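Worksheet: the structure to be examined is printed underneath.
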Amino acid sequence: MLSVIIPVYNEELTIRDVIEKVSSVPIDKEIIVVDDGSTDRTPGILEKEKEKVTVVYNSPINIGKGAAVRIGLEYAKGDIAIIQDGDLELDPNEYPEILKPIIEGKANVVYGSRFISKEGRKKTDFINYLANKFLTSLTNILYGASLTDMETAYKAFKMDVFKKIRLKSLGFEIEPELTAKILRLGYKIIEVSISYHPRRIKEGKKIRFIDGIKAIYYLFKYRFIGIEEIRK
């Protein structure tokens, strides 16, 4: 079974559509939505969706994506987990292609890359693409990887992998932390191409410049800490 973890903060415009799209994917799955202190209509919408999803209320205040992902994973009962943002930037209909290498026994971890295809690069504004390219290249240098999209939201992995990793992130640094610790434990990350429909800050995009600075810090930190700090 697949566990879909959806961290949510103030996504009243999109969360209902996301749940509908995820629900319609023909895969045996559970959907776990973690509301991280939303102050808009998101909590009310989730109340009406409880027949389709498991709703977890993380905190009365916003703590961050990392905290929501970690809590969602603790509730997960599936053999495989995938992280799904509460917006419409990525398409759940692509789950089968993302999960295929895991189901076929060819990988333990698969990332959906927005930038394997030229279309994904063209849709991303230059500054965001440059920042992602820098962080991904830094990851490859520090960890001996060959990724094209470290910051992708579509990270899928066997739950056995998660059970070996000690996660600490509260915010968007969950992306480099997951990647760094997966690689430090010796897992190879396979990438598959996905489509991408980016939204802008005025449309609700939440990641900021400071999150990129934090990502650099954590990439270096997790490269050089002892392996005992990474394992559960």
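Computed from the coordinates by the stated procedures, all read-outs in this text should not be read as laboratory data. A quick note: this is a predicted structure, and the numbers were derived from the prediction, not measured. Here the Cβ is made from the backbone with ideal geometry for all residues, glycine too, and neighbour counts use every protein chain on show.
Report, in order of residue number, the helices in the chain meeting two criteria: a C-alpha extent of 18 Å or more along the helix axis, and a mean Kyte-Doolittle hydropathy of at least 0.5; treat each whole DSSP H run as one helix.
Numbers: long enough: 126-143 (25 Å, 0.69); 209-224 (24 Å, 0.46).
Once both thresholds are applied, what remains is 126-143.
Extension gain for T39 to I27 (0.36 nm times residue separation, less C-alpha to C-alpha distance): 1.1 nm. DSSP bridge analysis restricted to the range 2-229 gives an antiparallel fraction near 20%, rounded to the nearest 5.
Taking a cut-off of 21 Å, what percent of all Cα-Cα pairs in the range 99-232 are separated by more than that? Walk me through the numbers before you get to the answer.
Values: 3584 of 8911 pairs.
Here the tail beyond 21 Å accounts for 40 percent of pairs.
Amide H to amide H, with H built 1.01 Å from N, K29 comes under 5 Å of L2, counting only residues 5 or more places away or on other chains. Once the Cα-Cα distance is subtracted from the 0.36 nm per residue extended length, the F209 to E49 segment shows a gain of 54.2 nm. By the count of neighbouring beta-carbon atoms within 10 Å, fewest first, T139, T54 end up ordered T54, T139. In this structure, the amide hydrogen of E191, modeled 1.01 Å from its nitrogen in the peptide plane, lies closer than 5 angstrom to those of Y111, counting only residues at least 5 positions away or on a different chain. Separation of the alpha carbons by more than 20 angstrom is noted, of K29/K155; K168/K221; K158/K214, for K158/K214. When only alpha carbons of the chain are considered, Rg and Dmax amount to 16.5, 46 Å. Exposure proxy shown here: for M159, M1, M150, the number of other Cβ atoms within 10 Å sets the order, fewest to most, as M1, M159, M150.
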